[in-house]
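The values are calculated or read from the model by the stated rules, or taken from the named source; none is laboratory data. The shown structure was predicted, so the numbers you read here are calculated from the model rather than taken from an experiment. Cβ atoms come from the backbone with ideal geometry, glycine included; neighbour counts cover every protein chain shown. For the accessible areas, the whole protein counts, side chains as well, though only heavy atoms, and no ligand, DNA or RNA atoms are used. Shrake-Rupley method; radii C 1.70, N 1.55, O 1.52, S 1.80 Å.
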Amino acid sequence: MDKYNNKETINRSTFLSTFLDITKQGKKFFSYRSKRWILIVGIHLFFFLSFYIDLQLLEGSISGSRFLGFHMIDPYISIQMFVATYNLPINMIIGITTIIVVYLLVGGRSYCAWVCPYGLISEIGEKLHNTLVHKHIIKNRTFDQRVRHIFWFVFLSLSFSSGYLVFETFNVVGILSRFFIYGWSVAVIWVFVVFLMEVFFSRRAWCKYICPVGTTYGYIGKGSALKIQWNDNCDHCMVCHDVCFESQVLELTKSKYDEERAKKGIKTQYVTGTECTLCGRCIDVCHQDSLKFDFRLKELI
Ligand code: SF4
Ligand code: SF4
């Protein structure tokens, strides 16, 4: 992408071009999208090798794993387990504590953009969806994103009333992760159905409206140290809104807040919405360099 000379909206950039960014001096470098994809593929490669050649580096799957013998577990699975069985084994307590500490540092929903294997597939679906919408072949349907809290609560209630981890039957994240590590299962058909829904019906619908895994990481991210920081170089071009599937979190980039900011002398602000996945797409496309990652640990302490 040549963001300093072009408006790199989803429809103006080819999918492949989004993996490389170009500096003002014309030097190419890996975009945040490339870095995220390399990490997601790398994580699953280690899972795969630990299983097939007994590498014993990263064992299990994305839902529950051991990294160098240290337990990690998906927080939503732990909560489902607790409400279903009223029991939380010590390994799960260690696993969930590790995950909470890590994501308090690196941003809750960064899991969605930097770790989740379905997030990667969903980005391909997003590009296909936007192309179809742009060509007026389909319409995008939007809903209130707060519906995700209802799904979160409903799936927990089902675990509580049935004694089973009901959501795990539908959890495309776990299904896809196990597919990459252990091979085909019939459940993969469900992942394909969700993907088709995102391509033909609603942009990033699973991640934006349904996935309780991402919602839980969003709750953790409320107090996280890593945030996106905006500065007043912004010329309100709205390209960041175009590429962000959770664009409500970028409300602060709108010009209507300039007068109030000028009165208060505010030059920088944090994106505080818990739906931000810290994917870095907005940074990749901002031609004014108005957005960057900022680690505000000192400020929080
Ligand atoms: S932050 Fe950057 S991409 Fe977003 S509106 Fe401002 S100038 Fe445009
Ligand atoms: S605000 Fe930026 S980092 Fe956050 S989800 Fe949107 S594009 Fe990704």
Rounded, prolate or oblate: which fits segment 227-300, taking a ≥ b ≥ c as square roots of the Cα gyration tensor eigenvalues, rounded meaning a/c under 1.5, else prolate when a/b beats b/c?
oblate
222 nm mean residue ellipticity, helices alone, for the chain (DSSP H n ≥ 4; -39,500 (n - 2.57); rounded to 500):
-14500 deg cm²/dmol
Is the C-alpha gyration tensor of segment 1-130 telling us rounded, prolate or oblate? Criteria: a/c under 1.5 is rounded; beyond that, a/b larger than b/c is prolate, otherwise oblate.
prolate
Give the accessible area for residue 216 in Å² (nearest 10); use a 1.4 Å probe, count only protein heavy atoms, and leave out ligands, DNA and RNA.
10
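Go through segment 9-90 and name the chymotrypsin sites (Phe, Trp or Tyr not before Pro) that are in a DSSP coil and have 16 or fewer other Cβ atoms within 10 Å of their Cβ.
On the way: sites: 15, 19, 29, 30, 32, 37, 46, 47, 48, 51, 52, 67, 70, 76, 82, 86; in loops: 15, 86.
Of the chymotrypsin sites (Phe, Trp or Tyr not before Pro), the ones in loops of segment 9-90 whose Cβ has at most 16 other Cβ atoms within 10 Å are 15, 86.
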Cα long-axis angle, helix 212-221 against the chain (0 to 90 degrees, to the nearest 10)
60
Compute the relative contact order of the chain as a whole-number percentage, counting only Cα pairs closer than 8 Å that sit 6 or more residues apart in sequence.
23
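Rounded, prolate or oblate: which fits the chain, taking a ≥ b ≥ c as square roots of the Cα gyration tensor eigenvalues, rounded meaning a/c under 1.5, else prolate when a/b beats b/c?
prolate
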Those residues of segment 265-300 whose amide nitrogen sits under 13 Å from the label point placed on residue 6, 7 Å along Cα→Cβ:
285
If you keep only loop residues by DSSP, which trypsin sites (Lys or Arg not before Pro) in segment 133-179 have at most 13 other Cβ atoms within 10 Å of their Cβ?
135, 139, 141, 146
Excluding ligands and nucleic acids, what accessible area in Å² is computed for residue 190 using a 1.4 Å probe, to the nearest 10?
90
What is the distance, in nm, between label points placed 7 Å from the Cα along the Cα-to-Cβ direction at residue 229 and at residue 54?
4.9
If you find the alpha carbon centre of segment 153-190 and of segment 201-264, how far apart are they in angstrom?
29
Here, residue 91 and residue 222, labelled 7 Å along Cα→Cβ, have an inter-label distance in nm of 3.1
If I fit a long axis through the Cα atoms of helix 75-85 and take the longest principal axis of the Cα atoms of the chain, what angle between them do I get, 0 to 90°, rounded to 10?
30
Of all trypsin sites (Lys or Arg not before Pro) in segment 221-301, the ones in DSSP coil with at most 11 other Cβ atoms within 10 Å are 222, 267
Rounded to the nearest 10 Å², the accessible area of residue 260 using a 1.4 Å probe with every protein chain kept is 100
Note on segment 227-300: contact order normalised by length, alpha-carbon pairs under 8 Å, 6 or more apart, percent, works out to 53
Quick one: helix 147-162 against the long Cα principal axis of the chain, what's the angle to the nearest 10°, folded into 0 to 90?
0
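Provide the FRET efficiency to the nearest 0.05 for the residue 294-residue 238 pair, computing r from the beta carbons and using R0 = 25 Å.
Numbers: r = 22 Å, r/R0 = 0.87.
FRET efficiency, residue 294 to residue 238: 0.70.
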